[in-house]
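Only one structure is covered here, and it is reproduced in the block below.
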Protein chains: 2
Amino acid sequence: MQLICKKVLDMGVVNNHPRFFNQLYTSPDPVALLAEWISTISNTNLHTYEVAPVFILVEMEMLNHLKQLVGFKVDESDGVFSPGGSISNLYGLLVARHKAVPYAKEEGLKGDEKLVLFSSEQDHYSLKKMASSIGLGTKSCIKVECDEMGRMKPLLLRNKIKEAISNGQRPFFVNATSGTTVLGAFDPLPEIAQICKEFNIWFHIDAALGGCVLASSQYKHLMNGCSLADSISWNPHKAMGIPLQCSVFLVNHKTILYDYFSTKADYLFQQDKLYGEYDVGDKSLQCGRKTDAFKLWLTWKAKGTQGFEHTINKLFQNAESLRNQIKSTQNFYLVLDNPETFNVCFWYVPPQYLPMGFQAPQKVLNLSKTLENGRKVHQLTAQIKGLMQKRGNLMVAYQPLGDKPNFFKVCMNSPTATSEDIKFILQEIEQISHILLNHSSL
Amino acid sequence: MQLICKKVLDMGVVNNHPRFFNQLYTSPDPVALLAEWISTISNTNLHTYEVAPVFILVEMEMLNHLKQLVGFKVDESDGVFSPGGSISNLYGLLVARHKAVPYAKEEGLKGDEKLVLFSSEQDHYSLKKMASSIGLGTKSCIKVECDEMGRMKPLLLRNKIKEAISNGQRPFFVNATSGTTVLGAFDPLPEIAQICKEFNIWFHIDAALGGCVLASSQYKHLMNGCSLADSISWNPHKAMGIPLQCSVFLVNHKTILYDYFSTKADYLFQQDKLYGEYDVGDKSLQCGRKTDAFKLWLTWKAKGTQGFEHTINKLFQNAESLRNQIKSTQNFYLVLDNPETFNVCFWYVPPQYLPMGFQAPQKVLNLSKTLENGRKVHQLTAQIKGLMQKRGNLMVAYQPLGDKPNFFKVCMNSPTATSEDIKFILQEIEQISHILLNHSSL
């Protein structure tokens, strides 16, 4: 047994290593880890107060704290922890659909609603997937173009809404992304809120990544306007040191979770039961739920908001430090000069693949897959990542984006990364590229 | 911090206590607990092979083992671990809907499909909830009556399907329950499979509770016919000692998960990535997923199928032992003489509330809420449970069922319950009822 466990950990990717920058989860905070272990020992279930009185009160307190952070009134809003950001976005779509077409809960969609939703072209793919799941189809998710920073353009949103209305469609939901998956961009919330108000559309924010900035007085301005939302998804398992899974759905309507989800199953939510009024299982998509709020709550007790603020500020500092190194290191170029969050996106471009008209000391590039040199960089990036996986010293992500060829993305996910770890990123990529360029016909 | 943790555990309900019979989760198997802790330390994510190679292979091996247990061909079926039984049932509905109306993935429901599904009146409430979530409405879930044991009547199913067709509706999904929530009944799978085949309807089994019998050669006959299903939900966190959450969705179609769920997000499932062909995140409803398969896998390695067989057989023995005690103890009466699984359902009925025509030594009753004595028992049962909660020595569930007034339900959930623990159940209820009957105007 010991041998199996050791092998599982030895042969796996060390996701909790400070040089794992591949995604926004990494080494958990020790307090959060302890809390998760306690949860597992108690093995309880967030459906009824009779079985989980303490954990239900903890979830309630944690939800109230998060409501205050986003600016919802505690007594006029609600929330629920969910198994992840995709499901939290599903919650948003379901309750928004319920507000738009309340008969659908019982009667189903009639098909003549022609409900459509809007989200940026750089949003998380779960919006489209969940639009399909709730019966609207992926095509009901209308994509809005972004500016060069990756932020949805409000003017285009307004135009697309008007266009949809004139096509006989019914806009019912706008998703703004706070912290896009690749560039880490924050959509302009006040402008989007204004448009939603004007057209009477549900305003949802996917802040799976970006919610964490609310803990930092220096960076919370990125989510200015979030209090105007109807609902918000936020994953504390991203960049906040809380182990998977920890995601929360907050909704700025007091009773809509119960209104939509309640089925009044009388084997579980008995009306004549002592303390039955504290049961929370009848307002959720799931029946049983893990006690995911507890690890966030205990960590908050231990670190305080200041502790989280320190973490978040450190991630921004580390990102800036890496961007500065990129600017001063040969062959590395930024995709964005001043991105809004701590994702650092960059290319490794050997001199022979630099674009026409390139002039030193330019350190921000705009490559295109439609050009030969862009395609070469596209291919080289994937090859570097492939060899990186085999060497096992470092993990950073890569992806294309629209017209842009593959580029690297470093997710600053933990304050435990040292300046040595950050320096190592460029060193390792440089070294791998030398191996590849000297041994291939690229 | 230590104080908070101690308080949380001290003030909570001890769900892992051998006298916690309230639900089908309780004290986790130590190996499963260890595995969950290892998962949390590694904090990885079942979406891409690059970040979770070992855990993805573990999930694959575990799925293959479970496929064999249910009788699916390993290479012609698929599966995914999910956050719980409700979500597993949602998977079933989504892929069945995709098979019935493949255009809906992109185009959405047109409303003229008039899709309907069938499930027993004693099924889990998630069927209705998820029917609503996918856009069909709760009314699309047509309930089929059960026999006195709680099993769906196949003849009535056939009639209701024919009736729906003649009403212009399109039956697309039948849910059979293996182990109903209250009585623990197993719907007759071969007959239901035959009907589904005849009418070309997706055959899903909700074996959240009942799947565990497949580990026991003595009891696996209860799920005879399950290999004929199109899909199966099974929660190893019920009665198998695996801590929450551990639920699996198995589907007897090789590619339908990818066909329906895939969105080809190129920031995560890059086509040019090393080992990208092993990624599993593009066939799931969620984006990130916990490594829930690992705790089941490690426990299976440790206990073997024989170990699980011993556990399951013990639960059946304990249930029989409790039923025998009920038969030999004054004022206790069974709801069912020979239930199919290890839920034990019974009433506490003081002599003054016995029904007309009662004759000793009758030990199985059929009470009704429509009669005065039934209403008294209904009320007394809830009061006993209320005081039980306050005393904190024992937890058993209670609920009404159709016309039947509230009765107690003991979930035999752990082989660690001793004969003393089982004897204690009736003693505690007896004692509480004496307190109540001596101090109230009942």
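For the stretch A:302-317, check the following and say yes or no: at least one residue is more than 26 Å from A:Leu222 (Cα to Cα) and surrounded by fewer than 21 Cβ atoms within 10 Å (Cβ to Cβ).
The initial filter retains those residues of the stretch A:302-317 that are more than 26 Å from A:Leu222 (Cα to Cα), namely none.
No, the stretch A:302-317 contains no residue that is more than 26 Å from A:Leu222 (Cα to Cα) and surrounded by fewer than 21 Cβ atoms within 10 Å (Cβ to Cβ).
So, A:Ser132, is that one of a type in the set (S, T, N, Q) and facing another protein chain (nearest Cβ under 9 Å) or not?
Taking the combined requirement at face value, the residue satisfies it.
Looking at (1) under 20 Å from A:Ala185 (Cα atoms); (2) crowded, with 24+ Cβ neighbours inside 10 Å, can you tell me which one A:Ala131 breaks?
(1)
Pairs under 7 Å by beta carbon, first residue within 9 Å of chain B (Cβ to nearest Cβ) in the stretch A:100-129, partner of a type in the set (A, V, I, L, M) and assigned to a helix (DSSP H, G or I), six or more apart or different chains?
So the pair list comes out as A:Leu115/A:Ala100.
Would you pick out the residues in the stretch A:370-411 that are in a loop (DSSP other than H, G, I, E, B) and either of a type in the set (Val, Ile, Thr) or farther than 22 Å from A:Ala185 by Cα (or both)? Steps first, answer last, please.
Looking only at the stretch A:370-411, we keep the residues that are in a loop (DSSP other than H, G, I, E, B), and these are A:370-371, A:392-394, A:402-403.
Those that are in a loop (DSSP other than H, G, I, E, B) and either of a type in the set (Val, Ile, Thr) or farther than 22 Å from A:Ala185 by Cα (or both): A:Thr370, A:Leu371, A:Gly392, A:Asn393, A:Leu394.
If we scan the stretch A:227-240, do we find a residue that is part of a strand (DSSP E or B), in contact with a Lys or Arg (Cβ under 8 Å, 6 or more places away or on another chain) and not small (Gly, Ala, Ser)?
Looking through the stretch A:227-240, none of the residues is part of a strand (DSSP E or B), in contact with a Lys or Arg (Cβ under 8 Å, 6 or more places away or on another chain) and not small (Gly, Ala, Ser).
Is it true that some residue in the stretch A:269-285 is of a type in the set (A, V, I, L, M), part of a loop (DSSP other than H, G, I, E, B) and more than 10 Å from chain B (Cβ to nearest Cβ)? Talk me through it step by step, then tell me what you get.
Step one: filter the stretch A:269-285 for residues of a type in the set (A, V, I, L, M), giving A:274, A:280, A:285.
From what's left, part of a loop (DSSP other than H, G, I, E, B): A:274, A:280, A:285.
Filter again for more than 10 Å from chain B (Cβ to nearest Cβ), leaving A:280.
Yes: one or more hits.
Pick from A:Ser77, A:Ser86: which is of a type outside the set (Val, Ile, Thr) and at the interface with another protein chain (Cβ under 9 Å from one of its Cβ atoms)? Show your work before the answer.
Working: A:Ser77 fails: at the interface with another protein chain (Cβ under 9 Å from one of its Cβ atoms).
After ruling out the rest, the residue left standing is A:Ser86.
Under the condition of being in contact (Cβ under 8 Å) with a residue 12 or more places away in the chain and in a helix (DSSP H, G or I), which residue from the stretch B:70-81 is surrounded by the fewest Cβ atoms within 10 Å (Cβ to Cβ)?
Among residues in the stretch B:70-81 that are in contact (Cβ under 8 Å) with a residue 12 or more places away in the chain and in a helix (DSSP H, G or I), the one surrounded by the fewest Cβ atoms within 10 Å (Cβ to Cβ) is B:Asp75.
How many of the residues in the stretch B:1-14 are surrounded by 14 or more Cβ atoms within 10 Å (Cβ to Cβ), under 27 Å from B:Ala382 (Cβ atoms), within 7 Å of another protein chain (Cβ to nearest Cβ) and free of Cβ contacts under 8 Å to residues at least 12 places away in the same chain?
Result for the stretch B:1-14: 1.
Residues B:Ile161, B:Ile165: which one is open to solvent by 10 Å² or more (accessible area, probe 1.4 Å) and either in contact (Cβ under 8 Å) with a residue 12 or more places away in the chain or touching a strand residue (DSSP E or B) at 6+ places or on another chain (Cβ under 7 Å) (or both)? Break it down stepwise before answering.
On the way: B:Ile161 fails: open to solvent by 10 Å² or more (accessible area, probe 1.4 Å).
Every option except B:Ile165 fails the conditions.
Select, from A:Phe294, A:Phe261, the only residue that is at pLDDT 95 or above, within 14 Å of another protein chain (Cβ to nearest Cβ) and within 26 Å of B:Leu90 (Cα to Cα).
A:Phe261
Hey, can you tell me all the residues within the stretch A:212-226 that are closer than 24 Å to A:Arg97 by Cα and part of a helix (DSSP H, G or I)? Break it down into steps so the answer makes sense when it comes.
Start the filter on the stretch A:212-226 by keeping residues that are closer than 24 Å to A:Arg97 by Cα, which leaves A:225-226.
A:Cys226, the sole residue that qualifies.
Kindly check whether there is at least one residue in the stretch A:310-322 that is at pLDDT 95 or above and among the aromatic types (Phe, Trp, Tyr).
yes
Can you pull out every residue in the stretch A:321-363 that is open to solvent by 10 Å² or more (accessible area, probe 1.4 Å), more than 24 Å from A:Ala185 (Cβ to Cβ) and either basic (Lys, Arg) or touching a residue at least 60 places away in the same chain (Cβ under 8 Å) (or both)?
A:Thr329, A:Asn331
I'm trying to understand the selection: among the residues of the stretch A:135-152, which are more than 10 Å from every other protein chain (Cβ to nearest Cβ) and assigned to a loop (DSSP other than H, G, I, E, B)?
The answer is A:Glu145, A:Asp147, A:Glu148, A:Met149, A:Gly150, A:Arg151.
Quick check on this structure: which one of B:Ile56, B:Ile38 is in contact with a Cys (Cβ under 7 Å, 6 or more places away or on another chain) and within 13 Å of another protein chain (Cβ to nearest Cβ)?
Details: B:Ile56 fails: in contact with a Cys (Cβ under 7 Å, 6 or more places away or on another chain).
Going through B:Ile56, B:Ile38 in turn, the sole match is B:Ile38.
From (1) within 26 Å of A:Thr138 (Cα to Cα); (2) at pLDDT below 95; (3) away from chain B (no Cβ under 12 Å), pick out the condition that doesn't hold for A:Ala96.
(2)
Being in a loop (DSSP other than H, G, I, E, B) and within 11 Å of another protein chain (Cβ to nearest Cβ) is the requirement here; does B:Asn366 meet it?
No: the conditions fail for B:Asn366.
Go through (1) closer than 20 Å to A:Ala96 by Cα; (2) touching a Cys at 6+ places or on another chain (Cβ under 7 Å) and name the single condition B:Gly135 misses.
Here B:Gly135 clears every test but (2).
With the checklist (1) buried (at least 23 other Cβ atoms within 10 Å of the Cβ); (2) closer than 26 Å to A:Cys287 by Cβ in hand, flag the one item A:Leu24 doesn't pass.
Unmet for A:Leu24, out of (1) buried (at least 23 other Cβ atoms within 10 Å of the Cβ); (2) closer than 26 Å to A:Cys287 by Cβ: (2).
Only one of these is more than 30 Å from A:Met240 (Cα to Cα), touching a Gly at 6+ places or on another chain (Cβ under 7 Å) and open to solvent by less than 70 Å² (accessible area, probe 1.4 Å): A:Leu380, A:Leu367. Name it.
On the way: A:Leu380 fails: touching a Gly at 6+ places or on another chain (Cβ under 7 Å).
Exactly one residue qualifies, and that residue is A:Leu367.
In the stretch B:303-361, what residues are on the phi > 0 side of the Ramachandran plot and either of a type in the set (S, T, N, Q) or part of a helix (DSSP H, G or I) (or both)?
Within the stretch B:303-361, B:Gly304, B:Asn331 meet the criteria.
I'm checking my understanding of the structure. Among residues of the stretch B:27-69 that are farther than 26 Å from A:Gln2 by Cβ and crowded, with 23+ Cβ neighbours inside 10 Å, which one is modelled with the highest pLDDT?
Here the answer is B:Lys67.
It is to be established whether one or more residues within the stretch B:137-147 are farther than 30 Å from B:Phe408 by Cβ, at pLDDT 95 or above and more than 25 Å from the chain's Cα centre (by Cα).
Checked the stretch B:137-147: no residue is farther than 30 Å from B:Phe408 by Cβ, at pLDDT 95 or above and more than 25 Å from the chain's Cα centre (by Cα).
Say we look at the stretch B:211-242 and pick out the residues that are in contact with a Pro (Cβ under 9 Å, 6 or more places away or on another chain), of a type outside the set (A, V, I, L, M, F, W, C) and modelled with pLDDT of 95 or more; which of these is surrounded by the most Cβ atoms within 10 Å (Cβ to Cβ)?
Filtering first and then ranking leaves B:Gly211.
So B:Gly392 ticks every box in (1) within 11 Å of another protein chain (Cβ to nearest Cβ); (2) at pLDDT 95 or above but one. Which box is left unticked?
Tallying (1) within 11 Å of another protein chain (Cβ to nearest Cβ); (2) at pLDDT 95 or above, B:Gly392 fails exactly one: (2).
The values are calculated or read from the model by the stated rules, or taken from the named source; none is laboratory data. It should be emphasised that the depicted structure is a prediction, and the values quoted were computed from it without experimental measurement. Heads up, the Cβs are rebuilt from the backbone with ideal geometry, glycines too, and the neighbour counts pull from every protein chain shown. Heavy atoms of the whole protein, side chains included, go into the accessibility calculation; ligands, DNA and RNA do not. Shrake-Rupley method; radii C 1.70, N 1.55, O 1.52, S 1.80 Å.
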